[in-house]
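Student: Submitted below is the structure of interest, expressed as C-alpha cells.
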Amino acid sequence: MIVLDENLHDHRLIRAVSGWYPGQVASITTLRPHSVIRDDAVPTLLLQAVQPTFVTINAADFWRRIPPHNAYCIAVVALPKERVREIPGLLRRLFRLPEFKTRAARMGKILRVTSKRIEYYNASRDIRLIDWPD
C-alpha cells in the first residue's frame, strides 16, 4: 500500500501512481477520515495498515525526525509543491532499485528522495546514499 500525505491528496496523483503500482494507493486521510491528521500521528496511523509506504514532501517534519519501524516505510520526496507531478515517476524509479523493489525490502526505512540520489536510514540511524543509476 502506498499512502500519500494529505498535502499530496490529488486524484490525478493517485491515478498516476495507481497506473503502475499493483497495490492500493490512498491518502492518509482514508486511515482516519473526517479529522485533521497531525504529523506526529502519522506513524501510529501507518501501524494500522499492512506494510505501507508513506509518501510526503514534508521533509522538515519527517526526515531525521521519525524513528524507523519495521511495519512501515516513509519516503520523503524532496520536491517543492509545484513539482509534485514528478512524484509518480520518481517512485516508479525508486521501486525498481533492489533495495526498495519489494514492500519487505522497504520496511523499516526512512528515505529522502531527490532527482539525483536517495538517502535513507533504518534502525541503525546511519545514513546510506544511493545515486540514481543512469
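Where a number appears in this text, it was derived from the coordinates with a stated rule and is not lab data. Note that this is a predicted model, so its numbers are computed, not measured. All Cβ positions, even for glycine, are placed from backbone atoms using ideal geometry, and neighbour counts span all protein chains on display.
Student: Using the Cβ atoms and a cut-off under 11 Å, what net charge is assigned to the surroundings of T53, where Lys and Arg are +1 and Asp and Glu are -1?
Tutor: With Lys, Arg at +1 and Asp, Glu at -1, the neighbours total +3.
Student: Would you work out the Kirkwood radius for region 1-51? I mean one over the mean of 1/r across all pairs of different Cα atoms, in Å.
Tutor: The Cα-based Kirkwood calculation yields 11.4 Å.
Student: Using a Cα-Cα cut-off of under 21 Å, which lysines could be cross-linked to K81, ignoring same-chain neighbours fewer than 8 residues away?
Tutor: K116
Student: I want the antiparallel fraction of DSSP beta bridges within the chain, as a percent rounded to 5.
Tutor: 40
Student: For region 87-134, take every pair of Cα atoms, bin their distances at 5 Å starting from 0, and report each bin as a whole percent.
Tutor: In order of increasing distance, the bins hold 5, 20, 35, 27, 10, 2 percent.
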